[in-house]
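The values are calculated or read from the model by the stated rules, or taken from the named source; none is laboratory data. If you're wondering where the values come from, they're calculated on a predicted model, not measured in any experiment. Glycine gets a Cβ as well: all are built from the backbone with ideal geometry, and neighbour counts include every protein chain shown. Just the protein is used for accessible areas: all its heavy atoms, side chains included, with ligands, DNA and RNA removed. Shrake-Rupley method; radii C 1.70, N 1.55, O 1.52, S 1.80 Å.
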Amino acid sequence: MTVSTITKMTAPPSTAYKIVDVPEPYADVIKRHGIAGTFVSASEQESPWVPFGPNAAIRHLLFDTRHNIFSNILWMKSAGVIGTHKHRGTVVMICLEGSARYLEYDWVAGPGAFIYETPGLIHTLVSDEPNGVKLFGWLQGPLEFYDDNGNFVETVDVWWFINHYEAYCREHSIPINKQLYI
Ligand SMILES: [Fe+2]
């Protein structure tokens, strides 16, 4: 492909509303070793809101134990604080509703805002919004939580998040949704 072709192409070429049979030389290898994608609908039947402290809840979406990745929606139900934490991995977040910010920074994330967090960051999440905030998160690696005096409290990682989800399901006789695990 020449440079001029690349610069002219503004979108993928096909607009056909059909399933296209695409050649795949390693189809048999993918069949043997590939991992299926997953889908979780917005229904609470598929993943309930699990309480996270008195004022927040987490809707778990994905657990990847190979890479210590976990994805969820964090819902702070009114103005409040999620305690000071240190990141040992990366986080991608999108604000879905409401607003949130970190005490350590000068920006406020509203609906559609994108947040990227990197290893070593230490910060305190707050929402000043009466209706709180919903944040979609894709998190890789552990986070460490600290108390008001900077004392280490707990590490949360993929195992913590799986236990958070499964303990709630067991307690409320909700079937474990296998679609959350890849
Ligand atoms: Fe964070």
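Among the residues of the range 52-107, those identified as free of Cβ contacts under 8 Å to residues at least 24 places away in the same chain, touching a Leu at 6+ places or on another chain (Cβ under 9 Å) and surrounded by fewer than 16 Cβ atoms within 10 Å (Cβ to Cβ) are Leu103, Glu104.
Residues being open to solvent by less than 50 Å² (accessible area, probe 1.4 Å) and either within 15 Å of the ligand (Cβ to nearest atom) or under 17 Å from Ile162 (Cα atoms) (or both): count how many of those fall in the range 42-51. Selection size over the range 42-51: 4. Within the range 155-182, the set of residues being touching a helix residue (DSSP H, G or I) at 6+ places or on another chain (Cβ under 8 Å) and open to solvent by 70 Å² or more (accessible area, probe 1.4 Å) comprises Pro175 only. Of all residues in the range 142-154, exactly one satisfies the criterion of being of a type in the set (A, V, I, L, M) and either crowded, with 16+ Cβ neighbours inside 10 Å or modelled with pLDDT under 95 (or both), namely Leu143. When Gly83, Gly132, Gly120 are screened for being more than 14 Å from the ligand (Cβ to nearest atom) and more than 14 Å from the chain's Cα centre (by Cα), only Gly132 passes. Of the strands (runs of 3 or more DSSP E) lying entirely inside the range 89-146, the ones with 2 or more residues being of a type in the set (Ser, Thr, Tyr) are found at 122-127.
Within the range 31-41, the set of residues being open to solvent by 90 Å² or more (accessible area, probe 1.4 Å) and modelled with pLDDT of 95 or more comprises Lys31, Arg32, His33, Phe39. Consider the range 94-117 and keep the residues that are of a type in the set (D, E, K, R) and in contact with a strand residue (DSSP E or B) (Cβ under 7 Å, 6 or more places away or on another chain). The one that is nearest to the ligand (Cβ to nearest atom) is Glu117. Of everything listed in (1) closer than 16 Å to Asp157 by Cα; (2) more than 18 Å from the chain's Cα centre (by Cα); (3) part of a loop (DSSP other than H, G, I, E, B), the single unmet condition for Arg66 is (2). Answer with yes or no whether Ile19 is within 30 Å of Lys178 (Cα to Cα) and either at pLDDT below 95 or open to solvent by less than 60 Å² (accessible area, probe 1.4 Å) (or both). Against the criterion (within 30 Å of Lys178 (Cα to Cα) and either at pLDDT below 95 or open to solvent by less than 60 Å² (accessible area, probe 1.4 Å) (or both)), Ile19 qualifies.
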